[in-house]
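Novice: Below you'll find the structure I mean.
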Amino acid sequence: GTVTKTAVATGADLVAYSGFSSSNYLQQPYNSDLDFGIGDFSCAVWAKLNSTGNRCVYHRGSGYSGSWGTEIIQLECTTTNLSFNFSDNGFSTSTQVNTPIANLPTGVWNLIHTIRRGTTFELWINGVLKATNTSTMDLSNTAAKLWVGERPYGSRPWVGSLGLMRWSATAPTAEQIAKMYRDEK
């Protein structure tokens, strides 16, 4: 499909992506650099949510239309929560790190970090830790694709803009997260 690419502000070089739908999203084929297994990892993304509801920021898994696949990492919102989800069995069961959707104000840019540090999964918004949960889950998946702005089921497109998404096989410290937010806002 086609997504919209626009400057984040007048005169800015930095762009954001929007216009997501069940047929318009970004997708990266399998990338071994994102196969974190049981190791530390993090994803940071600037997100502007225009309206609440069921929306997907990113989904990493081996699913396709109508199927989740296995070993999933996902960040989405519902009408009540921003939820960092992970599963090693195609969502038959999952572990979640949730924070109330009110912590993600609409119409403004927010920096979201999703992190695995050892056995602790963390959800940060604008440099502030909002929630944690623990798991020893192995998230290796040599067939996983990365979906941005939608998920395989094609039912939760992001309504708003996404920018500066980056993944790392490290877990930044609280000081590094706060500095990223201050420097980038």
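The values are calculated or read from the model by the stated rules, or taken from the named source; none is laboratory data. Quick caveat, the model's predicted, so the values are computed rather than measured. Counting neighbours? That spans all protein chains shown, and the Cβs are built from the backbone with ideal geometry, glycine included. Note: areas computed on protein heavy atoms with side chains; ligands, DNA, RNA excluded. Shrake-Rupley method; radii C 1.70, N 1.55, O 1.52, S 1.80 Å.
Novice: Please work out how much length the chain gains when fully extended from S155 to V108, using 0.36 nm per residue of separation minus the C-alpha to C-alpha distance, in nm with one decimal. Walk me through the intermediate numbers first.
Specialist: Numbers: separation 47, 0.36 × 47 = 16.92 nm, distance 2.36 nm.
Full extension from S155 to V108 adds 14.6 nm.
Novice: Just want to confirm a number: the relative contact order over the chain, from Cα pairs under 8 angstrom separated by 6+ residues, in percent. Could you put the intermediate results ahead of the total?
Specialist: Numbers: 479 pairs, mean separation 61.1, N = 185.
Over the chain, the number comes to 33 percent.
Novice: Once you keep just the Cα pairs under 8 angstrom separated by 6 or more residues, what percentage relative contact order results for the stretch 16-112? If you can, show how the numbers build up before the last one.
Specialist: Numbers: 143 pairs, mean separation 24.5, N = 97.
Relative contact order for the stretch 16-112 comes out at 25 percent.
Novice: So how strong a dipole does the stretch 28-108 carry about its Cα centre when Lys and Arg Cβ are +1 and Asp and Glu Cβ are -1, to the nearest 20 debye? All intermediate terms of the calculation are to be shown ahead of the outcome.
Specialist: Values: 3 positive and 6 negative charges, 78 e Å.
So the dipole magnitude of the stretch 28-108 works out to roughly 380 debye.
Novice: Would you kindly compute the Cα radius of gyration of the chain and its largest Cα-Cα separation (Dmax), both in Å?
Specialist: For the chain, the Cα radius of gyration and maximum Cα-Cα distance read 15.2, 47 Å.
Novice: How are the alpha carbon pair distances in the stretch 1-82 distributed across 5 Å bins from zero to the largest one, expressed in percent?
Specialist: Taking all Cα pairs of the stretch 1-82, the binned fractions are 3, 10, 18, 22, 22, 15, 7, 2, 0 percent.
Novice: Okay, next question. Just the Kirkwood number for the stretch 132-181, please: inverse of mean 1/r across all distinct Cα pairs, in Å, one decimal. Don't skip to the answer; put the middle values down first.
Specialist: Details: mean 1/r = 0.0691 Å⁻¹.
Evaluated on the stretch 132-181, it is 14.5 Å.
Novice: Give the dimensionless ratio obtained when the Cα radius of gyration of the stretch 36-100 is divided by 2.2 N^0.38 Å. Display every interim value, and only then the final one.
Specialist: Details: Rg = 12.3 Å, N = 65, 2.2 N^0.38 = 10.7 Å.
Here the Cα radius of gyration is 1.14 times the empirical estimate.
Novice: Expressed as a whole percentage, what fraction of the accessible surface of the stretch 27-174 belongs to carbon and sulfur atoms when a 1.4 Å probe is rolled over the protein heavy atoms? Walk me through the intermediate numbers first.
Specialist: Numbers: 2720 of 5570 Å².
About 49 percent, which is the carbon plus sulfur part of the accessible surface.
Novice: Further question on the same structure: Please name which of N126, F41, S94 has its Cα lying farthest along the dipole of the stretch 28-129 towards the positive end, using unit charges on Cβ (Lys, Arg +1; Asp, Glu -1) and the Cα centre as origin.
Specialist: Checked the options; the winner is N126.
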